[in-house]
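The values are calculated or read from the model by the stated rules, or taken from the named source; none is laboratory data. Quantities reported herein were computed from a predicted structural model and do not represent experimental measurements. Positions of Cβ are generated from backbone atoms using ideal geometry, with glycine treated the same way; all protein chains shown enter the neighbour counts.
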Amino acid sequence: GQQVMQIPQYQHVQEGEDFTTYCNSSTTLSNIQWYKQRPGGHPVFLIQLVKSGEVKKQKRLTFQFGEAKKNSSLHITATQTTDVGTYFCAGGGENTDKLIFGTGTRLQVFP
Amino acid sequence: GAVVSQHPSRVICKSGTSVKIECRSLDFQATTMFWYRQFPKKSLMLMATSNEGSKATYEQGVEKDKFLINHASLTLSTLTVTSAHPEDSSFYICSALKPGQHTDTQYFGPGTRLTVL
């Protein structure tokens with residue numbers, strides 16, 4: 001079945017450093033969504049990308065959808081301690097509202 | 001906004017009992033809701049798609065007689081874990097699909113932590 005992998009599984013950075021997580025799907029996606037889950041919390045929707053090669057920015061966060069619509073990345077510039085959490089990508093397929101969640105990348109930021 | 005609530009937030013029960021979890025979309029109507037399960041430090045695993053007015057669609061490997069889903073109204077879906085066992089202990093999260101102008105978005109509830117003794 002469809003699989004969505006993320007790397008790295010875990011990363012810790014010093015506050016102010018940049019961070020990137022990569023998401024790869026075994027199949028072509030109709031869209032990719034990104035969520036953030038704080039420790040003990042639930043996933044919170046960040047953004048959705050639909051178009052091939054699309055790039056979107058939210059303040060210090062930059063999201064990219066690959067040309068082949070099988071991969072995506074999330075880049076955080078100058079991390080802050082408030083960025084701590086697990087970042088999940090979630091792939092959407094054609095003609096379905098279901099999401100297949102990636103394995104997640106847990107980010108730890110040290111002050 | 002799009003607010004989804006879940007109740008209860010935590011539940012502890014004895015092995016063999018049944019537990020019902022409610023998922024409500026508070027400020028929008030959702031014909032489709034989803035139920036996920038999450039183990040500690042793991043990703044979300046889709047269990048089933050809950051459809052208002054019709055039977056739920058279960059993912060492969062999820063026992064429909066074990067996890068009963070009822071989507072009785074446009075704002076409420078329930079998940080009942082029947083004859084719970086310790087291996088059913090997990091974090092259960094629902095989401096409600098909110099229609100958008102171009103695409104639909106899933107909004108997640110706060111989750112229910114189930115512990116079966």
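Going through (1) buried (at least 23 other Cβ atoms within 10 Å of the Cβ); (2) more than 9 Å from every other protein chain (Cβ to nearest Cβ) one by one, B:THR82 falls short only on (1). Based on this model, can you work out whether A:LEU29 counts as assigned to a loop (DSSP other than H, G, I, E, B), touching a Phe, Trp or Tyr at 6+ places or on another chain (Cβ under 9 Å), within 13 Å of chain B (Cβ to nearest Cβ) and of a type in the set (A, V, I, L, M, F, W, C)? Yes, satisfied. Within this structure, B:ALA72 fails the test of being of a type in the set (A, V, I, L, M), within 14 Å of chain A (Cβ to nearest Cβ) and more than 18 Å from A:HIS42 (Cα to Cα).
Pick from the stretch A:71-106 the residues that are charged (D, E, K, R) and modelled with pLDDT of 95 or more: which of them is nearest to B:MET47 (Cα to Cα)?
Only one residue fits best here, namely A:ARG106.
Of all the listed residues (B:THR115, B:THR57), the sole one being within 11 Å of chain A (Cβ to nearest Cβ) and over 24 Å from A:LYS36 (Cα atoms) is B:THR57. Any idea which residue in the stretch B:99-112 is modelled with the lowest pLDDT, counting only those that are over 18 Å from the mean Cα position of the chain (by Cα) and at the interface with chain A (Cβ under 7 Å from one of its Cβ atoms)? Only one residue fits best here, namely B:THR103.
In the condition set (1) within 14 Å of chain A (Cβ to nearest Cβ); (2) over 18 Å from B:VAL116 (Cα atoms), B:ARG37 is compliant with all but (2).
For the stretch A:1-23, a residue qualifies if it is of a type outside the set (Phe, Trp, Tyr), touching a residue at least 40 places away in the same chain (Cβ under 8 Å) and within 25 Å of B:PHE91 (Cβ to Cβ), and the qualifying residues are A:GLN2, A:GLN3, A:VAL4, A:MET5, A:GLN6, A:ILE7, A:PRO8, A:GLN9, A:GLN11, A:HIS12, A:THR21, A:CYS23. Scoring A:HIS75 on the criteria (1) touching a strand residue (DSSP E or B) at 6+ places or on another chain (Cβ under 7 Å); (2) surrounded by 18 or more Cβ atoms within 10 Å (Cβ to Cβ) leaves a single failure, condition (2). Residue pairs, Cβ under 6 Å, 6 or more apart or interchain, first in the stretch A:32-55 and more than 10 Å from chain B (Cβ to nearest Cβ), second among the polar types (S, T, N, Q). List them. Every condition considered, the pairs that remain are A:ILE32/A:SER72; A:VAL55/A:GLN64.
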